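Asker: Okay, handing you the structure first.
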Amino acid sequence: MGSLSTITLIFLSLAALQASRIECQEIKSARLLDLLIRDYTFRSYTKNFKTGKLHRINLPSNLSGIDVDTVRLRCGSLRRYGAAVKEFHLRVGTAVHPCSTRVMIIRQNLGSNWSSLYYDNFELSGYQLVSPVVGLLAYNVGATNTTTIPSELGIQAGKRPITIDFSKMTADESSSSSSGTIPLCASFDQDGKVSLSSQARPNVCVATRHGHFGLVVESPLMPLKRKVSRLKVAIGSSIGAALGAFLLSLLAMALFVNAKKKARMEEMERRAYEEEALQVSMVGHVRALTASGTRTVPTIEHEHH
């Protein structure tokens with residue numbers, strides 16, 4: 001019994017160490033954010049979590065701005081009666097698969113700051129978010145065992161779809177609807193795709209499965225973060241290389257002209273020096289160099305006898 005407790009403590013210590021390493025990393029992936037929220041939710045899970053009651057999850061300071069709520073439900077009860085999880089309304093006939101007994105449903109509201117993470121993970125060129133991104137995910141949970149890593153489950157609507165009500169957003173986030181622009185419903189899939197659809201009614205979207213959702217409006221003139229294609233990078237590199245080669249050729253030409261001019265000046269100086277030393281005279285029709293004459297002063301010799 002003692003050895004089993006020791007092994008359990010070691011396992012929990014390693015899990016906490018791994019989680020702390022993940023927390024230290026800069027969160028750039030929407031998938032990583034989902035896993036962190038899942039881990040914090042199940043750390044907060046206790047036997048005091050009554051089935052069918054919504055619980056607020058407290059997140060650390062590095063995840064401030066995110067609201068998380070969770071509820072534990074029986075799979076059969078969810079199918080028979082449905083459930084309401086904040087702005088998500090799961091109608092009668094909603095099924096969770098695979099689910100044996102109970103399911104833990106986690107609702108996320110990423111707020112205005114963390115919702116921008118979806119611009120880095122999804123292609124939203126030409127659109128602007130006008131609501132926070134909200135998420136609905138489901139995980140398997142046993143009646144008493146909470147030490148194992150929970151597996152993600154699928155939520156599938158029945159005859160009536162799941163509805164997401166965005167009407168309780170702030171005035172700044174929903175002001176675009178009053179200005180004449182009708183927002184579209186955006187569904188963010190885990191494979192990186194975004195699906196757009198019309199609203200079922202003002203500020204209400206529908207979905208047939210779990211995932212992340214938000215309201216967007218068209219914004220073609222708004223600069224957005226776009227992924228630069230490899231073709232654009234190749235074209236830019238080629239233009240830069242050609243420009244660099246052109247500048248290098250100009251520099252080489254300038255150096256060559258300067259060297260040639262310097263050699264010409266040296267040649268002119270050499271010729272001037274030689275012409276100064278040797279005078280030029282014409283002998284008939286021939287130009288000849290003659291040395292300057294040096295007159296020897298004659299001396300008269302006197303013989304003395």
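Asker: Please go through region 69-104 and give me each residue that is assigned to a helix (DSSP H, G or I), open to solvent by 50 Å² or more (accessible area, probe 1.4 Å) and of a type in the set (Ser, Thr, Tyr), ordered by number. Outline the logic, then answer.
Answerer: Of region 69-104, the ones assigned to a helix (DSSP H, G or I) are 75-81.
This time we only want the ones that are open to solvent by 50 Å² or more (accessible area, probe 1.4 Å), so: 79-81.
Hit for region 69-104 is Tyr81, nothing else.
Asker: Kindly list the number of the only condition in (1) farther than 19 Å from Pro161 by Cα; (2) of a type in the set (Ser, Thr, Tyr); (3) free of Cβ contacts under 8 Å to residues at least 24 places away in the same chain that fails for Tyr81.
Answerer: Of everything listed in (1) farther than 19 Å from Pro161 by Cα; (2) of a type in the set (Ser, Thr, Tyr); (3) free of Cβ contacts under 8 Å to residues at least 24 places away in the same chain, Tyr81 misses just condition (1).
Asker: In addition: Would a scan of region 258-279 turn up a residue that is in a strand (DSSP E or B) and either at pLDDT below 85 or touching a helix residue (DSSP H, G or I) at 6+ places or on another chain (Cβ under 8 Å) (or both)? Before the answer, list the steps.
Answerer: Initial filter on region 258-279 (in a strand (DSSP E or B)): 279.
This time we only want the ones that are either at pLDDT below 85 or touching a helix residue (DSSP H, G or I) at 6+ places or on another chain (Cβ under 8 Å) (or both), so: 279.
Among the residues of region 258-279, at least one is in a strand (DSSP E or B) and either at pLDDT below 85 or touching a helix residue (DSSP H, G or I) at 6+ places or on another chain (Cβ under 8 Å) (or both), which makes the answer yes.
Asker: On to the next question. May I ask you to verify whether Arg107 is under 15 Å from Glu152 (Cβ atoms), under 29 Å from the mean Cα position of the chain (by Cα) and either part of a strand (DSSP E or B) or among the aromatic types (Phe, Trp, Tyr) (or both)?
Answerer: Numbers: under 15 Å from Glu152 (Cβ atoms): yes; under 29 Å from the mean Cα position of the chain (by Cα): yes; either part of a strand (DSSP E or B) or among the aromatic types (Phe, Trp, Tyr) (or both): yes.
Against the criterion (under 15 Å from Glu152 (Cβ atoms), under 29 Å from the mean Cα position of the chain (by Cα) and either part of a strand (DSSP E or B) or among the aromatic types (Phe, Trp, Tyr) (or both)), Arg107 qualifies.
The values are calculated or read from the model by the stated rules, or taken from the named source; none is laboratory data. Just so we're clear, the structure is a prediction, and the values are computed from it rather than from any experiment. FYI the Cβ positions are ideal-geometry reconstructions off the backbone, even for glycines, and counts take in every protein chain you see. Areas reflect the complete protein model, heavy atoms only, side chains present, ligands, DNA and RNA absent. Shrake-Rupley method; radii C 1.70, N 1.55, O 1.52, S 1.80 Å.
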